[in-house]
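Computed from the coordinates by the stated procedures, all read-outs in this text should not be read as laboratory data. As the structure is a computational prediction, the values presented were derived from the model and not from experiment. Quick reminder, even Gly has a Cβ in these numbers, built from the backbone with ideal geometry, and neighbours come from all protein chains shown.
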Amino acid sequence: MALAAIVEKGDEILFPGPTYPPYISYTKFFDGTPVAYETVEEEGWQPNVDDLRKKISKKTRALVIINPNNPTGAVYGKKIVKEMLDLAAEYNLLVLSDEIMTK
């Protein structure tokens, strides 16, 4: 429902790669473009913040953080999450935080 509310034709939404597939489908359904940012398997699937920064464009509307990540199960470190949130603030991006698996 959040994607339905924010995605307009041509908007880009940033997702971790790999990601929970419905996020990609919903973004496309609402005429947006899903853009994957890298997560590094050798580092426990932690997001590559430098890659994330490179993926931001004038069309980027939101950043999705899935923590713990589905499907990798990775739990992002506090430092990484803070860097991601700071980056979103720097570019005035909405943040969608999927924390469904947390207790």
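Against the condition touching a residue at least 40 places away in the same chain (Cβ under 8 Å) and either hydrophobic (A, V, I, L, M, F, W, C) or closer than 16 Å to LEU96 by Cα (or both), how does ALA74 come out, does it pass?
no
Which members of region 15-26 meet the condition of being touching a helix residue (DSSP H, G or I) at 6+ places or on another chain (Cβ under 6 Å) and buried (at least 20 other Cβ atoms within 10 Å of the Cβ)? It would help to see each step written out before you state the result.
In the first step, residues of region 15-26 are kept if they are touching a helix residue (DSSP H, G or I) at 6+ places or on another chain (Cβ under 6 Å); the result is 15, 26.
Hit for region 15-26 is PHE15, nothing else.
Considering region 1-39 alone, what residues qualify as being touching a strand residue (DSSP E or B) at 6+ places or on another chain (Cβ under 9 Å), aliphatic (A, V, I, L, M) and over 15 Å from ILE65 (Cα atoms)?
ILE6, VAL7
Which residues, counting only those in region 1-44, are charged (D, E, K, R) and either part of a helix (DSSP H, G or I) or out of contact with any Leu (no Cβ under 9 Å at 6 or more places or on another chain) (or both)? Don't jump to the end; show me each part of the working.
Filtering region 1-44 for residues charged (D, E, K, R) gives 8-9, 11-12, 28, 31, 38, 41-43.
Those that are charged (D, E, K, R) and either part of a helix (DSSP H, G or I) or out of contact with any Leu (no Cβ under 9 Å at 6 or more places or on another chain) (or both): GLU8, LYS9, ASP11, GLU12, LYS28, ASP31, GLU41, GLU42, GLU43.
Can you run down the residue pairs with Cβ atoms below 7 Å, 6 or more apart or on separate chains, where the first is in region 48-63 and over 16 Å from ILE24 (Cα atoms) and the partner is in a helix (DSSP H, G or I)?
VAL49/ILE80; VAL49/GLU83; VAL49/MET84; VAL49/LEU87; LEU52/MET84; LEU52/LEU87; ARG53/LEU87
Going by the structure shown, is ASP51 surrounded by fewer than 17 Cβ atoms within 10 Å (Cβ to Cβ) and under 20 Å from MET1 (Cβ atoms)? Show your work before the answer.
Numbers: surrounded by fewer than 17 Cβ atoms within 10 Å (Cβ to Cβ): yes; under 20 Å from MET1 (Cβ atoms): no.
Here the answer is no, as ASP51 does not meet what is asked.
Got a number for residues in region 55-93 being touching a helix residue (DSSP H, G or I) at 6+ places or on another chain (Cβ under 8 Å) and assigned to a helix (DSSP H, G or I)?
Residues flagged as touching a helix residue (DSSP H, G or I) at 6+ places or on another chain (Cβ under 8 Å) and assigned to a helix (DSSP H, G or I) within region 55-93 amount to 4.
Could you tell me which numbered condition VAL40 fails, if it satisfies all but one of (1) of a type in the set (A, V, I, L, M); (2) closer than 17 Å to ASN92 by Cβ; (3) without any contact (Cβ under 8 Å) to a residue 12 or more places away in the chain?
Failing condition for VAL40: (2).
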